[in-house]
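Chemist: Before anything else, here's the structure in question.
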Amino acid sequence: MKKKLAAALLFVCLLFGFSACGGGDYIVDESKKLSSYEITAKFDEQTKTLEALETFKWKNDSGETLDEAVFHLYPNAFREDAVYKPVSEQDFTSAYPNGASYGGIEISSVTAGGNEVDFSVGGEDKNLLVVPLGRDLPPGGETVIEIKFTDTLPNAAHRYGYTDNNYSFGNWYPVLCVRENGGWVTTPYYSNGDPFYSVMANYTVSVTYPAWFTAAATGDFSVTKSGGAATFTSTALTVRDFAFVLSDKFKVKTLAAGETAVSYYYFDDDNAEENLRVAAEAVKTFGEMIGKYPYAGLCVAQTDFVYGGMEYPNLVYVASGLDDATMKQVIVHEIAHQWWYNLVGNNQAAHAWMDEGLTEFTTALFFKKNTQYSDEINFDKTVRTLERNYTMFVDVMESMGNADTSMNRAVNEYATEQEYVCMTYTKGTLMFENLMFSIGQNRFEKCLKRYFRDFRCGVATPDGMIESFQKACGVNLQGFFSEWLEGKVVIG
């Protein structure tokens, strides 16, 4: 991008408070092969509902002839009678400060190929929309599916929900399940981790809402106002998901990170300037360490959120009420997910260590490289603390006779949320730190660059990651990863 264009983009972001997505030759090239979602919606503040029409233009790249399409209905996890609750019992009060509240998604009509069809809502937890196509769709074939739906937000500090400060729309629309190994991947909305798995798509989203709200969203978006209503219209090429946040309390600051405009949307942050600077430094550092950030903008949005933060393409949540050091760590961690989740995908529900473990270690590397923060967050001290926390947890579990230190488990296969965090984040960080210590930081960063190049815009598997790392560093790593993933390594 020319300097004048970058300056003009930054001026527009400052003036209107929006981020942009675009750029990156491979992003544009990849977009030509992808399915697309076109969504037009209207949000009603009084009823906390969103009326929407989704037009899904599907390019069948499964390699199979299919006669139906299956979509996730993630908002139904917030139903009163949901089997799998999106929040564990220990986090219930934090997620629902005003008491239990419920929401969901209702499908009113579906057409496929221009014809209205008899759809069904089912699955283990009413979490799936099954759409008969009315014909066989061959490999490479295309069809159009239209879905009219209504979202109802719960009063919850979560990915999907509202509080006094914000309305969060994460995982809010019907999204096609991944087709893999001859079947649809239909993982429910477990409370552990991020139980989501999706492939790249193109998005055009238009949402109308009360004019006194400010929107932060995925993609290249602009805002128009008419009377008491505002509408943002966003185009997002080659992203893995689409999310947005509305707030009548948002203040907005924007800072350039190279060719990327980083915008911080916040309502309660005395250190907003510093945290925005950290976000911009993260984009620069990871761009150099891993591969250039290919979009022209990134939104960092403060929300009331039960957990520390959450990643979406071009948009990350950071929770309100965090202390200064934790806030910095969360901002950097969620921005690292722009590489290890959005640009390089994986099945987060089945192999959470791949994105969370690598993201957490990449975050630690950010602070190793940016030594101005070492008084607050020191790399060596962080690693030693994680080692201590890990060994203490395993010692307790062993004393109870139920220690399982394997990492290659699905999110629902961990006995507790603490075990999931320990084996995915903590042990994942220690594994990559040990690998870097063994092969050297320069070769390790070559591994990151090679892995990114091999799987950008695609989906990586554990074997794919290992093979990519091996090619980059010239060392056989099968034994190393097996020992860690299978729980054979003794730490401490």
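The values are calculated or read from the model by the stated rules, or taken from the named source; none is laboratory data. Keep in mind the model is a prediction, meaning the values are calculated, not measured. Neighbour counts are summed over all protein chains in view; Cβ atoms, including those assigned to glycine, are modelled from backbone coordinates with ideal geometry. To get the accessible areas, we keep the full protein, side chains included, count just its heavy atoms, and leave off ligands, DNA and RNA. Shrake-Rupley method; radii C 1.70, N 1.55, O 1.52, S 1.80 Å.
Chemist: Note down the nm distance, to one decimal, between modelled labels 7 Å out along Cα→Cβ at T371 and at F437.
Modeler: 2.1 nm
Chemist: Once the dipole of the stretch 125-278 is set up with Lys and Arg at +1 and Asp and Glu at -1 on Cβ about the Cα centre, which of T260, A236, V131 lies farthest towards its positive end?
Modeler: V131
Chemist: If each of T391 and E64 carries a label point 7 Å out from its Cα toward its Cβ, how far apart are those two points in nm?
Modeler: In this crude spin-label approximation the distance works out to 4.8 nm.
Chemist: Accessible area per residue for the chain in Å², computed with a 1.4 Å probe and the full protein assembly in place, what is it? Write down the numbers at each step before the final one.
Modeler: Numbers: 19590 Å² over 492 residues.
Accessible area per residue: 40 Å².
Chemist: On to the next question. So I have [x] 60; [y] 20; [z] 11, and one of them is percent of Cα pairs over 43 Å apart calculated from this model. Which one is it?
Modeler: Only one option fits the structure, namely [z].
Chemist: Moving on to the next point. What order, most packed first, do the peptides 206-213, 295-302 have when packing is the mean number of other Cβ atoms within 10 Å of each residue?
Modeler: Working: 206-213: 17.6, 295-302: 27.8.
Top to bottom by mean Cβ count within 10 Å: 295-302, 206-213.
Chemist: Follow-up question, since we're still on this one. Round to a whole angstrom and tell me the spacing of the C-alpha centers of the stretch 453-484 and the stretch 323-384.
Modeler: Cα centroid to Cα centroid, the span is 19 Å.
Chemist: For an R0 of 35 angstrom, estimate the FRET efficiency from the Cβ-Cβ distance between E89 and A325 and round to the nearest 0.05.
Modeler: The pair E89/A325 has a calculated efficiency of 0.80.
Chemist: 222 nm [θ] for the chain, helices only, -39500 (n - 2.57) per DSSP H run of 4+, per residue, to 500? Spell out each step's value before the answer.
Modeler: Working: 12 runs with 142 residues, N = 492.
Estimated from H runs of four or more residues: -9000 deg cm²/dmol.
Chemist: Can you spot the lysines whose alpha carbon is less than 17 Å from K57's alpha carbon? Ignore those fewer than 8 places along the same chain.
Modeler: List returned: K32, K33, K148.
Chemist: Oh, and also: Summarise the accessible area of the stretch 185-308 (1.4 Å probe, protein heavy atoms) by the percent that is carbon and sulfur.
Modeler: Numbers: 1760 of 3750 Å².
Ligands and nucleic acids excluded, carbon and sulfur reach 47 percent.
Chemist: So which trypsin sites (Lys or Arg not before Pro) in the stretch 237-281 are both in a DSSP loop and have at most 15 other Cβ atoms within 10 Å of their Cβ?
Modeler: Hits after loop and neighbour filter: K249.
Chemist: Another question, then. Treating only the Cβ of Lys, Arg, Asp and Glu as charged (+1, +1, -1, -1), what charge dipole size does the stretch 149-247 show about its Cα centre? Round to the nearest 20 debye. Walk me through the intermediate numbers first.
Modeler: Details: 4 positive and 6 negative charges, 22 e Å.
Dipole size: approximately 100 debye.
Chemist: What is the magnitude of the charge dipole of the chain about its Cα centre, with +1 placed on the Cβ of each Lys and Arg, -1 on the Cβ of each Asp and Glu, and no other charges, expressed in debye to the nearest 20? The partial results should precede the final answer.
Modeler: On the way: 40 positive and 64 negative charges, 362 e Å.
Roughly 1740 debye, rounded to the nearest 20.
Chemist: Right, next: In a shell of Cβ-Cβ distance under 11 Å around M289, excluding M289 itself, what net charge do Lys and Arg (+1) and Asp and Glu (-1) give? Can you show the working numbers first?
Modeler: Working: positive: K284, K292, K368, K369, K446, K449; negative: E288, E445.
Overall, the nearby charge balance is +4.
Chemist: Ok, one more. I need two numbers for the stretch 191-307: Rg to one decimal and Dmax as a whole number, Cα atoms only, in Å.
Modeler: 15.2, 47
Chemist: Of Y414, F393, F452, which is farthest towards the positive pole of the stretch 379-492's charge dipole, taken about the Cα centre with +1 and -1 on the beta-carbons of Lys, Arg and Asp, Glu respectively?
Modeler: Farthest towards the positive pole: F452.
Chemist: From the backbone phi of the stretch 204-216, what are the Karplus-calculated ³J(HN,Hα) couplings (6.51 cos²θ - 1.76 cosθ + 1.60, θ = phi - 60°) in whole Hz, Gly and Pro given as x?
Modeler: These are the phi-based 3J(HN,Hα) values: 10, 10, 10, 10, 9, 7, x, 5, 7, 8, 10, 10, 10 Hz.
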